[in-house]
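Colleague: Handing you this structure, nothing more for now.
Derivation of every value follows stated rules applied to the coordinates shown; laboratory data play no part. Quick caveat: nothing in here was measured; it's all calculated off a predicted structure. FYI the Cβ positions are ideal-geometry reconstructions off the backbone, even for glycines, and counts take in every protein chain you see.
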Amino acid sequence: MELPDPSIFLQRLFAALEQDGIAAAPLVLDHVCYRVETAERYAAWRDHLSKNGTLLGEHVIGGRPIATFKLYRPFILQGRAIDVIELPAPKNGSPYAEGYEHAEFVVGEDPQVFAARYPSLNWDLSGAEKKINADVRLGYGGFSVKFHERSLEEVIAEENSTK
């Protein structure tokens, strides 16, 4: 069992951003999200990833657990090292096919300020008011891209330190 190479997924994602006029090169690619269809697949991938990386945290969000891992060996794409994987358990009533579903970038500022630079795009602002690491999102056919102020690893470390 090996986590699929995210290169094709990320190439599609970068092409979509480029077509929309968003320069992704200066942005930090924070993490990619790998979705699974069943609780059994979640458990299997969680076990596999725990042998290939460090569990940064597992938290219940939206009524289901989401585990985040920092891989021992990152994926490398176009000079970028992608070493954080988000693994959400499936949410009842929201089926997803197994595979990469979204990637998130760190923009280092309020994500609404970032989104305002691209007013012609159809932004999903539903995450913009979150108290912890607000985000804005663009949806594309079969995947999405989120932009937030801080890295997921940093946010999890902060949450873990307050427990």
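Colleague: By the scheme Lys and Arg +1, Asp and Glu -1, what is the net charge of all other residues having a beta-carbon under 13 Å from that of residue 132?
Modeller: So the environment of residue 132 carries a net charge of -3.
Colleague: Compute the distance in nm between two label points, each set 7 Å from the Cα along the Cα-to-Cβ direction, one at residue 48 and one at residue 109.
Modeller: Distance between label points: 4.0 nm.
Colleague: Which cross-chain or sequence-distant (5 or more) residues have an amide H under 5 Å from the amide H of residue 140, H modelled 1.01 Å from N in plane?
Modeller: 145
Colleague: Separate question: Compute the angle between helix 152-161 and the longest alpha-carbon principal axis of the chain, please, reported from 0 to 90 degrees and rounded to the nearest 10.
Modeller: The answer is roughly 60 degrees.
Colleague: Another question, if that's okay. To the nearest 20 Debye, how big is the dipole of the stretch 7-161 about its Cα centre, given +1 on the beta carbon of each Lys and Arg and -1 on that of each Asp and Glu?
Modeller: For the stretch 7-161, the charge dipole is close to 300 debye.
Colleague: What are the ³J(HN,Hα) values, in whole Hz, obtained from phi via the Karplus relation 6.51 cos²θ - 1.76 cosθ + 1.60 with θ = phi - 60°, for each residue of the stretch 8-14 in sequence order, with x given for Gly and Pro?
Modeller: Values per residue, Gly and Pro as x: 5, 4, 5, 5, 5, 5, 5 Hz.
Colleague: What ranking do 91, 51, 70, 131 get, fewest neighbouring Cβ atoms within 10 angstrom at the top?
Modeller: Going from least to most buried by this count: 131, 51, 91, 70.
Colleague: Provide the packing ranking of 118-124, 153-159, 80-86, i.e. peptides ordered by the mean count of other C-beta atoms within 10 Å per residue, highest first.
Modeller: Result, highest mean first: 80-86, 153-159, 118-124.
Colleague: Here's something else I'd like to know. How many percent of DSSP beta bridges within the chain run antiparallel, rounded to 5? The partial results should precede the final answer.
Modeller: Working: 31 of 38 bridges.
Once the DSSP bridges in the chain are tallied, antiparallel ones form about 80 percent.
Colleague: If I take the Cα coordinates of the chain and project them onto the principal axes, what are the three extents in Å, biggest first?
Modeller: Between the extreme Cα coordinates on each principal axis of the chain lie 42, 36, 33 Å.
Colleague: From the backbone phi of the stretch 122-132, what are the Karplus-calculated ³J(HN,Hα) couplings (6.51 cos²θ - 1.76 cosθ + 1.60, θ = phi - 60°) in whole Hz, Gly and Pro given as x?
Modeller: Working through the residues one at a time gives 8, 6, 8, 9, 4, x, 6, 9, 4, 5, 10 Hz.
Colleague: Quick one: angle between helix 39-52 and the longest Cα principal axis of the chain, in degrees between 0 and 90, rounded to 10, please.
Modeller: 90 degrees
Colleague: Please report the relative contact order for the stretch 56-163, taking Cα pairs under 8 Å with a sequence separation of at least 6, and give it as a percent rounded to a whole number.
Modeller: Rounded, it is 22 percent for the stretch 56-163.
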